[in-house]
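Written out below as structure tokens is the structure these notes cover.
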Amino acid sequence: MSATSKQGIIITRDYYQKAASPVIEIPEKLVHENVEQTGAEFLNGTRPPFFIVDLPLRSISMTINTLQPSQQSGAHRHSYETVMYIVDGEGYTMIEDKKVCWQAGDAVYVPVWTWHYNVNLSETNTAKYVSCDNAPQLHSAGVAMFEPA
């Protein structure tokens, strides 16, 4: 096995070998219709209720979240990264000591293990966002952690 070096990175000949094609597995369930009407609403004492998108995801998860007018979610942190896409509303997310303002159409990144919470700035309208994270991937590796404040 010979090796070449580019800018201090060792690359072996095996690196360029073509991998065997993955086995295609199409699960029976490919759509979760009307998530907010048919999904399980998850409630606990540290955050507003949210709906889990029930699909056979192995490496990512997706939830639909709402914040009532002037509502704030509970502060928490976790070992997985998260991206939130804001569907409706206007508010902000506190990530450690940084205030990240958002409105409909924005996407917000929450880094691994940072304390954070979300706030709806409207006194009359609900804010809604879709949240995606890599928690299932970390759960399968046995390293996912969640900690409420």
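Derivation of every value follows stated rules applied to the coordinates shown; laboratory data play no part. Please read all numbers here as calculations on a predicted model, not as lab measurements. Cβ placement follows ideal geometry from the backbone for every residue including glycine, while neighbour counts extend to all protein chains displayed.
Remark: LEU67, LEU121 ranked as LEU121, LEU67, counting other beta-carbon atoms within 10 Å and listing the fewest first.
Divide, for segment 20-148, the radius of gyration over alpha carbons by 2.2 N^0.38 Å, where N is the residue count. My calculation over the Cα atoms of segment 20-148 gives 1.12. Projected label points at MET145 and GLN71, each 7 Å from Cα along the beta carbon direction, are separated by 2.9 nanometres.
What relative contact order, as a whole-number percentage, does segment 20-148 give when Cα pairs under 8 Å and 6 or more residues apart are counted?
About 29 percent, as a whole number.
As a rough footprinting exposure proxy, the listed residues MET145, MET84 were ranked by other beta carbons within 10 Å of their own, and the order from fewest upward is MET145, MET84. Note that segment 83-125 shows a convex hull volume over its alpha carbon atoms of 57 Å³ per residue. At most 15 other Cβ atoms within 10 Å and a DSSP loop assignment: could you name the GluC sites (Glu not before Pro) in segment 65-98 that fit? Sparse-neighbourhood loop GluC sites (Glu not before Pro): GLU96.
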